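In what follows, a single structure is set out as structure tokens and then discussed.
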Amino acid sequence: MAAKMQIRIIKPGLLSTMQDTGRWNYLSQGMPISGAMDTLSSRIANLAVGNNAHDVVIEFTYGEAEFQAETDILLAYSGDGATLRVNSLPLPPDRPLFIPSGTNIHLANNPLGSRTYLAIAGGWDVAEVLGSKSTYVTAGIGGYKGRALEPDDLLNACGQLNETSARILQSLKGTTIKHSKWGIARWLFLPKYRKTVHVIPAHEFTWFAGKSVVDFLSTPYTVSIQSNRMGYRLEGPSIHRFVKQELLSTAVVPGTIQVTGDGSIVLLMADCQTTGGYPRIAQVAAVDIPLCAQLKPGDAVNFKEISRTDAEKLYIHQENQLDRLAIALKTDMLTVFR
């Protein structure tokens, strides 16, 4: 086996970038967080190959991408944007996959979502910039040369495997494609209702007319084609406000829902600015941001109010479950592969 696992991009698809869980320490300097849109899927992909959950992954937007294993590789993928296939053979998500050198892997579109995350054992070997390996294309920093992936890009994994990754590789390596009998039940970490997003009233919530608030919390909104990693414009009932004062630029983060001057709403996502001048009607609960990340143009979404306390409880529960999963994979690997 080569010292470093390696793949070559054949087709990058619509938008493929390297992302980890974000660049959090430079908000005061106006630097967006960036990172994976769906951090739940990115973390599960990493855990499936024994990596640290926060390691960098490749984020593929939709399918129609393709890459080749230049060496034998151990990888995992997660997310609803695509299914990995070798010829007509689908590869199962959320579990480790051993792929022999020379294999071509195609990402076929999955109608359930929009983004898929690819982790490699040991993590991808890209430079850290301002505390993160995430690509922020607008500024040309992070990831692979500060840009989206292109045909013929050669991506290396870090050479040193931890004990967990080494055990997984030892159990699967050979001359043919092989995957574990076990997998991570990602759906158990997701809310029961995929198209319902829980929100917390934001600071300017009381600025808006009662009927508009009722419409916001009871009528489906549709994701517009005017959507990207910075944010989604949502189509639905206009939001009217009776407080007409101007708002000075104030803090916003991924999950903030702003109301524009014409009454439209915008859901901010991973590459959003750090301050904004539009009033904020709500903030998406952290556990539901991965649901938002998998939305695509034409999808309908419903908003449901939740208390700050309940949102915090849901977040803590999810984090505890992910921590338990990581510990189980590290300590029980011999039993898992028995």
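Considering only Gly35, Gly298, Gly79, the Gaussian network model of the chain with Cα springs below 10 Å gives its largest mean-square fluctuation to Gly298.
Each Lys or Arg adds one and each Asp or Glu takes one away; over the other residues whose Cβ falls under 14 Å from the Cβ of Ile10, this sums to -3.
Amide hydrogen proximity for Thr256: with H placed 1.01 Å from N in the peptide plane, the residues at 5 or more positions away or on another chain lying under 5 Å are Leu268, Val284.
For Cα pairs less than 8 Å apart in space and 6+ apart in sequence, what is the mean separation divided by the residue count of the chain, i.e. the relative contact order in percent?
19 percent.
What is the local net charge at Gln160, summed over the other residues whose Cβ is closer than 13 Å to its Cβ (Lys, Arg +1; Asp, Glu -1)? It works out to a net charge of -2. With R₀ set to 56 Å, the beta-carbon distance separating Lys178 from Ala251 gives a calculated FRET efficiency near 0.70.
Of the cross-linked pairs Lys145/Lys296; Lys4/Lys145; Lys4/Lys173; Lys4/Lys330; Lys133/Lys178, those separated by over 24 Å at the C-alpha level are Lys145/Lys296; Lys133/Lys178. One decimal place: the segment Gln29-Val243 gains 74.0 nm when fully extended, by the rule 0.36 nm per residue minus the C-alpha distance.
Arrange the residues Lys304, Lys11 by how much accessible surface each exposes, largest first, with a 1.4 angstrom probe.
Correct descending sequence by accessible area is Lys304, Lys11.
The Stokes-Einstein estimate for the chain, based on a Kirkwood radius over Cα pairs and taken at 20 °C with 1.002 mPa s viscosity, is a diffusion coefficient of 104 µm²/s.
Please compute the net charge surrounding Leu75, taking Lys and Arg as +1 and Asp and Glu as -1 over other residues with Cβ under 13 Å from its Cβ. Local charge sum for Leu75: -1.
Accessible area ranking (1.4 Å probe, heavy atoms, ligands and nucleic acids excluded), largest first, for Glu305, Glu59: Glu305, Glu59. Taking amide H as placed 1.01 Å from N in the peptide plane, Arg241 has its amide H under 5 Å from the amide H of Ala209, each at least 5 places away in sequence or on another chain. Per-peptide packing, taken as the mean over residues of other Cβ atoms within 10 Å, places 171-179, 214-222 in the sequence 214-222, 171-179 from highest down. Descending by average beta-carbon neighbour count within 10 Å, the peptides 99-110, 239-250 line up as 99-110, 239-250, the highest first.
Within 10 Å, count the other beta carbons around each residue, average over each peptide in 280-293, 82-95, and list them highest first.
Going from most to least packed, we get 280-293, 82-95.
In the stretch 115-149, whose amide N lies under 18 Å from the spot 7 Å out along Cα-to-Cβ of Val86? List them in ranges. Correct set: 118-121. Full extension of the chain between Ile316 and Asn162 gives 52.7 nm of extra length, using 0.36 nm per residue less the Cα-Cα distance.
The values are calculated or read from the model by the stated rules, or taken from the named source; none is laboratory data. All values derive from a computational prediction rather than experimental measurement. Because the Cβ atoms are built from the backbone with ideal geometry, glycine has one as well, and the counts that use them run over all protein chains shown. Note: accessible area is taken over every heavy atom of the protein model, side chains too, but ligands, DNA and RNA are not part of it. Shrake-Rupley method; radii C 1.70, N 1.55, O 1.52, S 1.80 Å.
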